[in-house]
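To keep things clear, I will list the structure first and then write my remarks on it.
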């Protein structure tokens, strides 16, 4: 018998995506599979839609909208399986998207989490923002992907068709061994949404686990399904959460040094938004920094007992990706050196 797998889709007012993509998930080719929709207190009719049209899908209802992180924590408390797959509602899957990832993860006890190749649902030849061919961090913990630097998305020409240990796996299609989920306590609900999967992967790496990219499996992500890219709240979460996860997971000396530099880099973004006539985004950066500072004491209590030297982690680019992209004009991951 294959390991048991629970594909869990967290839904909040996402009837249109469920209507578009859930049928494909149900056609997944895996012999020990359960499909679950966790509903985050939706106010649309998505739950009644599911009950009427997808009676075989288990629905787990949260009493409130706990965000992506808290919502998944609440739902997965009530799920039993060897593997959890956190799947965004706006992801189109292929029939054989599960087995290759499970085979890879079963091959090594140290592999805790993994992701398939993630491409754009609107152009299936192109990598997608939220994961592409695996996630990296630069020397100041700025996240980027193999196949996507900032707003430049590569076309998939097989250039990343090798299994690869990376720093983080995308929350759009996130595979994790349930025992590792339980060991780390799952996602940090205080992050609400954005960067929570990076934080979880970082905590796993500090425990000497591996995060992997599996090119043999492929899915297609719409992106921005809950919070659109051009959304000041998303900007706020990204700037705040990035600093929080640095404080949580970096060795103490590293944390002070890298966070200080990172905040100055963020200040450049602050000026960019201001000069571009986007005052709401300028305010979002300021608010993100302020709320990070206010949360320092609380975040300090979450620091694990062990933090590995940051630059020793697989998936760390030991230079600044901001400098490489904007100053050196390097637009493709494969050109980074």
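Values quoted throughout were computed directly from the atomic coordinates according to the rules given, and no laboratory measurement underlies them. These numbers were taken from a predicted model, which means no experiment stands behind them. Virtual Cβ from ideal backbone geometry, glycine too; neighbours counted across all protein chains shown.
List of remarks:
- Between 0 and 90°, nearest 10: helix 279-294 axis offset from the chain longest Cα axis: 90
- Once C-alpha pairs closer than 8 Å and six or more residues apart are averaged by separation and normalised to the residue number of the stretch 211-337, the relative contact order reads 30 percent.
- Rg/Rg_ref, the stretch 106-181, where Rg_ref = 2.2 N^0.38 Å and atoms are Cα: 1.12
- By DSSP, the beta bridges lying fully in the stretch 5-221 are antiparallel in about 50 percent of cases.
- Burial ranking of peptide ranges 107-116, 302-311 (average Cβ count within 10 Å, highest at the top): 107-116, 302-311
- Degrees, to the nearest 10: 252-275 long Cα axis against longest axis of the chain: 90
- Per-residue [θ]222 nm for the chain (sum of -39500 (n - 2.57) over DSSP H runs n ≥ 4, rounded to 500): -11000 deg cm²/dmol
- Volume of the convex hull of the stretch 1-62 (Cα atoms only), normalised per residue: 71 Å³.
- Taking the number of Cβ atoms within 10 Å of each Cβ as an exposure proxy, the fewest-first ranking of 289, 272, 194 is 272, 289, 194.
- Our note on the geometry: Cα centres of the stretch 1-48 and the stretch 268-298, 35 Å apart.
- In terms of other Cβ atoms within 10 Å, 260, 184, 56 run from fewest to most in the order 56, 260, 184.
- Based on the Stokes-Einstein relation at 25 °C and a viscosity of 0.890 mPa s, and on the Kirkwood radius from alpha carbon pairs, the stretch 5-221 is assigned a translational diffusion coefficient of 143 µm²/s.
- Across the chain, Cα pairs under 8 Å and at least six residues apart give a relative contact order of 19 percent.
- Cα long-axis angle, helix 232-249 against the chain (0 to 90 degrees, to the nearest 10): 80
- Neighbour counts of C-beta atoms inside 10 Å place 270, 168 in the sequence 270, 168, starting with the fewest.
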